[in-house]
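Visitor: This structure is in structure tokens; I'll ask about it shortly.
The values are calculated or read from the model by the stated rules, or taken from the named source; none is laboratory data. Just so it is clear, the model here is predicted, and its values are computed rather than measured. We place every Cβ from the backbone using ideal geometry, glycine too, and count neighbours over all the protein chains shown. These area figures cover heavy atoms from the full protein model, side chains too; ligands, DNA and RNA do not enter into them. Shrake-Rupley method; radii C 1.70, N 1.55, O 1.52, S 1.80 Å.
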Amino acid sequence: MTTYDRIGATYATTRRPDPRIAAQIHAALGDAVSVINVGAGSGSYEPPQTVLAVEPSAVMIAQRPPDSAPAIQASAEAIPVEDDAADAVMALLTVHHWSDLEAGIAELRRIARRRVVVFTWDQTVTRTFWLLDEYLPEVIAFDDERAVPVDRLAALLGGARVEEVPVPHDCTDGFGAAFWRRPEAYLDPTVRAGISMLAQSSEDAIRPGLVRLADDLASGVWHERHADLLGRDTFDGGYRLVIADL
């Protein structure tokens, strides 16, 4: 059973692609006329020119829209397609789940003719996010162990440029920092089920922090402490595109 067979059942509803993030990802793919999506999940952010999705979880594949690109059940470390199979390959919020990062990146480079686009996060930034820093330090420790340093990714890709991905205040994709201006969302178990760093943490470990968050929201302490966020449209939660031309 893969991780997402266990935690991914709600992704089609809680992880709806945000159009502003989609535009940035699609721009990063450039003029590619064929794209393979590796670690594709339920198909978020796939552009129309996607020709194949690679995903190890049957639960995630089952949530793909009926008109989406064909999907094969396989891991990033062993992709059963020929060399140079598509103009571009994308891997979105997935590399931290791979069992062998070097093998997975080598596979992306093997099957891409021209470009690889990886959506990930910079843990040096994300670990300062208020939810983690003030309420859930246990999750920081968990993410410190699994996060892939951006400079390591760039090196494995043979050199890459890095773009910040700003998180809109009304982001429709419910990943970790999506609710930076909507803190009450983190109290919803359905929302947490769609955030891997929370879904993979034990309820016993995160419950005290969530209770403190609920108390601070009820008393107004959170709003006083984070008044500077309330008028902002976007936020740097550490999310990055790593873009490599081959």
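Visitor: Could you please give the count of residues in the range 191-213 that are within 21 Å of the chain's Cα centre (by Cα) and either in a helix (DSSP H, G or I) or not small (Gly, Ala, Ser) (or both)? First the steps, then the outcome.
Guide: Pass one, the range 191-213, residues within 21 Å of the chain's Cα centre (by Cα): 191-202, 206.
Of the ones still in play, those that are also either in a helix (DSSP H, G or I) or not small (Gly, Ala, Ser) (or both) are 191-193, 195-200, 206.
Final tally of qualifying residues: 10.
Visitor: For the range 76-99, give me each residue that is surrounded by fewer than 21 Cβ atoms within 10 Å (Cβ to Cβ) and among the hydroxyl-bearing types (Ser, Thr, Tyr).
Guide: Ser99
Visitor: Taking the condition of being at pLDDT 95 or above and not aliphatic (A, V, I, L, M), how many residues in the range 138-158 meet it?
Guide: Matching residues across the range 138-158 total 4.
Visitor: Please count how many residues of the range 196-219 are within 26 Å of Val59 (Cα to Cα) and in contact (Cβ under 8 Å) with a residue 40 or more places away in the chain.
Guide: 7
Visitor: If the requirement is being free of Cβ contacts under 8 Å to residues at least 12 places away in the same chain, farther than 23 Å from Ala160 by Cβ and among the small types (Gly, Ala, Ser), which of these qualifies: Ala74, Ala58, Ala69, Ala62?
Guide: Ala62
Visitor: Mind telling me which of the residues Glu102, Glu107 ends up being of a type in the set (D, E, K, R), open to solvent by less than 40 Å² (accessible area, probe 1.4 Å) and in a helix (DSSP H, G or I)? Full working, then the answer.
Guide: Numbers: Glu102 fails: open to solvent by less than 40 Å² (accessible area, probe 1.4 Å).
Testing whether each residue is of a type in the set (D, E, K, R), open to solvent by less than 40 Å² (accessible area, probe 1.4 Å) and in a helix (DSSP H, G or I) leaves just Glu107.
Visitor: Something else: Of all residues in the range 186-208, which are touching a helix residue (DSSP H, G or I) at 6+ places or on another chain (Cβ under 8 Å) and either of a type in the set (Ser, Thr, Tyr) or open to solvent by 20 Å² or more (accessible area, probe 1.4 Å) (or both)?
Guide: Of everything in the range 186-208, those that are touching a helix residue (DSSP H, G or I) at 6+ places or on another chain (Cβ under 8 Å) and either of a type in the set (Ser, Thr, Tyr) or open to solvent by 20 Å² or more (accessible area, probe 1.4 Å) (or both) turn out to be Tyr186, Leu187, Thr190, Val191, Arg192, Ala193, Ser196, Ala199, Gln200, Ser201, Ala205.
Visitor: If Phe119 satisfies all but one of (1) at pLDDT below 95; (2) of a type outside the set (Val, Ile, Thr); (3) open to solvent by less than 10 Å² (accessible area, probe 1.4 Å), what's the number of the condition it fails?
Guide: Only one criterion is unmet by Phe119, namely (1).
Visitor: Okay, moving on. For the range 128-180, what are the residues that are open to solvent by 50 Å² or more (accessible area, probe 1.4 Å), of a type in the set (A, V, I, L, M), part of a helix (DSSP H, G or I) and in contact with a helix residue (DSSP H, G or I) (Cβ under 8 Å, 6 or more places away or on another chain)?
Guide: Correct list: Leu156 only.
Visitor: Which residue is most open to solvent (accessible area, probe 1.4 Å), if the candidates are limited to the range 58-67 and must be outside any helix (DSSP H, G or I) and either in contact with a Ser or Thr (Cβ under 7 Å, 6 or more places away or on another chain) or under 11 Å from Ala40 (Cα atoms) (or both)? Spell out how you get there, then give the answer.
Guide: Step one: of the range 58-67, the residues outside any helix (DSSP H, G or I) are 62-67.
Checking which are either in contact with a Ser or Thr (Cβ under 7 Å, 6 or more places away or on another chain) or under 11 Å from Ala40 (Cα atoms) (or both) leaves us with 63-64.
On the way: Gln63: 41, Arg64: 25 Å².
Only one residue fits best here, namely Gln63.
Visitor: Next up: Kindly evaluate Pro47 against the criterion of being over 19 Å from the mean Cα position of the chain (by Cα), part of a loop (DSSP other than H, G, I, E, B) and not aromatic (Phe, Trp, Tyr).
Guide: Working: over 19 Å from the mean Cα position of the chain (by Cα): no; part of a loop (DSSP other than H, G, I, E, B): yes; not aromatic (Phe, Trp, Tyr): yes.
Spelling it out, it is not the case that Pro47 is over 19 Å from the mean Cα position of the chain (by Cα), part of a loop (DSSP other than H, G, I, E, B) and not aromatic (Phe, Trp, Tyr).
Visitor: Which numbered condition in (1) in a helix (DSSP H, G or I); (2) free of Cβ contacts under 8 Å to residues at least 12 places away in the same chain is the only one that Gly231 fails?
Guide: The single condition Gly231 does not satisfy is (1).
Visitor: Now for a separate question. Six or more apart or on different chains, Cβ under 7 Å: which pairs go from a residue in the range 124-147 that's closer than 16 Å to Ala178 by Cβ to one that's small (Gly, Ala, Ser) and modelled with pLDDT under 95? Could you list them?
Guide: Val139/Ser201
For every residue, the table says whether it meets (1) within 27 Å of Arg20 (Cα to Cα); (2) not β-branched (Val, Ile, Thr).
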residue: Glu134; (1), (2): no, yes
residue: Ala141; (1), (2): no, yes
residue: Gly174; (1), (2): yes, yes
residue: Arg212; (1), (2): no, yes
residue: Val221; (1), (2): no, no
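Visitor: Are any of the residues in the range 237-244 out of contact with any Ser or Thr (no Cβ under 8 Å at 6 or more places or on another chain), open to solvent by 30 Å² or more (accessible area, probe 1.4 Å), under 28 Å from Leu93 (Cα atoms) and not small (Gly, Ala, Ser)?
Guide: no
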